[in-house]
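Asks: Okay, handing you the structure first.
Bear in mind that the values in this text are calculations on the coordinates, not laboratory data. These numbers come from a predicted model, not from an experiment. No Cβ is skipped: glycine too gets one built from the backbone with ideal geometry, and neighbour counts run over all protein chains shown.
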Ligand SMILES: Nc1ncnc2c1ncn2[C@@H]1O[C@H](COP(=O)(O)OP(=O)(O)OP(=O)(O)O)[C@@H](O)[C@H]1O
């Protein structure tokens, strides 16, 4: 049994052991050696005590450091104040600019901020601003010490702009905390002062707007010379819009307004928008819709976050969707879709007003959905220089030279020149008005002149005055047709007479020609190939085949079979494809003679020229085409009117249009013409009958090829018909002798007999010889031979 005395742990020295017999216990003495070796060794070991010492020192230092940190942060918290400016914030750029003025010279670690400046003459100069680079910088401002810490995050990037994420941290003493506000205000004012009297041009940078280059000097409104009234109209409209936010909001109308400026290049569209921004003291946000990577979402975001007091400018809007008509689902150069643009323009309602300007050189290429009111509320045509513009431009360059200005205007009468060309001319003859006048017909000025003479088949350009003559509906139809013709240009489909069409004309004669009308699309119905019934609205129909080009003249006549006075009919020609809701003469590559006023029209609905008498029910209007000179002429009730137009060397199709109910019967040569000359000279589109036999009379089946038993290919006497091709029809040529002898028309563009069996063609050659000399029966063949 062991006994433990006291509460203390028994020391090994005092431990007593008794045995069972009660014999004197032997006291167990701890071995002296063991006690010394364990404890003493430990304590007396120099290495061990040195380790302890080190641990103690380390712990002490750690405590001290933490204490210091704690103290510093306490001190910082109490004594210092910091301001963080992330690179996303607007004031970041202001601050950097401000810094470049303040402290750059005092710091050792600089970074460069390069900026471009585009001058009014187009030249660009570059300036380098030195700003504190990443790291710590100290400087003193208004007696206060500041620490600037510019930190660039190596790992984080602004994914939209691709630039590294940066933060600027400013530190100063707590008591000087007001210095931050003062500093930021000064930076802001400095930035604003730089823009004062200037127009800032923003471009998109990722999903945000960034200033492009330095702010530009404001352009004055009177530096842009537009035709009378245009400038005032737009400026008044914009100003009225800007002040009427409440009006819009009260009526739940999105507070935005869209403007479209269209017209030829160099007419001042961009310049005017710039000067308008200057006048309103607005900035301009330019967006290129063809920009790579522009998506619907990004556009939407950009349009919803236009900087304050800015005009949104979408230039050359037609270019972005040039391919739209090929497929509605097509991707464009950018990833922007047309519907994306429409949605973005409709856009989120924003409290700030939104002014969107669009420009185009080709309004006809714009989708009607884009130009509808709400997206575009005001359209203005900026065309080539008018007389007043020419005078205005001249006087801007050579003040007070009224007389010379008048002479200059006179020298450009009836000529078409862009205002940009005029500017170039005046710059060239700077300070030399007399020379500018003398060289008014010089090549420099007129390099961009386009003649407006429709008779020469050149491009027609409408003017605002012309457009104003159209009603809203007519203008819509006109714009639609122009857009349509851009998508489907005249002659963009093959219209030459093909071999099979040629053979059909040979076989069927004039019956191969017929008017076509798609009932689903056209408000017209055709019966018996040439009898046209119009129902309502404007539309036109064309023949399936164009005028052939073998004989000198081709001719057809249209009889006004039933025509109320209220219906206007236009008889003429046009190329294909042609918008079937337009009258011939109203659109490119078409000519029309109009019933209500007797005018002729070519290529446009504005410049009708007085031509013949009006025509009405019972009247017969004829159209002749001389393809060598490309001349179109008309007849009225058998009397020829003078040539209408010449130089039209296209595949022209007889075209009849009407704007209301009426019936027009057309004679393409299937019967005698009212115009005698056409009968005598056989100007019809093809012979009355072709080479195909008419069906036999009832009861005369004997000998008829229709009821004969078929003749096998082998039964054909090939010794006499060596050239019969294997694939020739299985009709025995023995039986063709009764086919009326008609000379097949010699459509020169195609080989005459190559596709026909030799004997067949020989027979017909004989027959035609015979016909040419002895058969003068015009009722039989009125139309085809020259
Ligand atoms: N009506 C005008 N009045 C004064 N300057 C003009 C006028 N039209 C053109 N200019 C001058 O011609 C140059 C080109 O003009 P601007 O870029 O405005 O034409 P634009 O119609 O926008 O051409 P584009 O359709 O090719 O963009 C500018 O330097 C401008 O000053």
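Asks: How high is the relative contact order of the range 216-381, in percent, with contacts defined as C-alpha pairs under 8 Å that are six or more residues apart?
Replies: With pairs under 8 Å counted, the relative contact order is 35 percent.
Asks: How large is the translational diffusion coefficient of the range 470-680 in µm² per second when you combine the Kirkwood radius over alpha carbon pairs with Stokes-Einstein at 4 °C and 1.567 mPa s?
Replies: Here the translational diffusion coefficient equals 77 µm²/s.
Asks: Continuing with this model, one more query. Kirkwood-based Rg over Rh for the range 216-381 (C-alpha set), two decimals?
Replies: That ratio is 0.95, to two decimals.
Asks: When each pair of different Cα atoms in the range 616-686 is counted once in the 1/r mean, what is the Kirkwood radius in angstroms, to one decimal?
Replies: The answer is 13.3 Å.
Asks: May I ask you to sort 615, 394 by Cβ crowding, counting other Cβ atoms within 10 Å and putting the fewest first?
Replies: In increasing order of surrounding Cβ atoms, one gets 615, 394.
Asks: Starting from the Cα coordinates of the range 546-645, work out the convex hull volume and express it per residue in Å³.
Replies: Enclosed volume per residue, from the Cα hull, is 102 Å³.
Asks: Could I ask something else about it? What order do you get for 165, 94 when you list them from fewest to most C-beta neighbours inside 10 Å?
Replies: By the 10 Å Cβ count, ascending, the order reads 165, 94.
Asks: Hey, fewest Cβ within 10 Å first, where do 531, 308 land in order?
Replies: Placing the least packed residue first, the sequence is 308, 531.
Asks: Could I ask something else about it? For the range 487-544, what is the Kirkwood hydrodynamic radius in Å, using each pair of distinct C-alpha atoms?
Replies: 13.1 Å
Asks: Considering only DSSP beta bridges where both residues belong to the range 216-381, give the percentage that are antiparallel (nearest 5).
Replies: Expressed as a percentage, antiparallel bridges in the range 216-381 total about 0.
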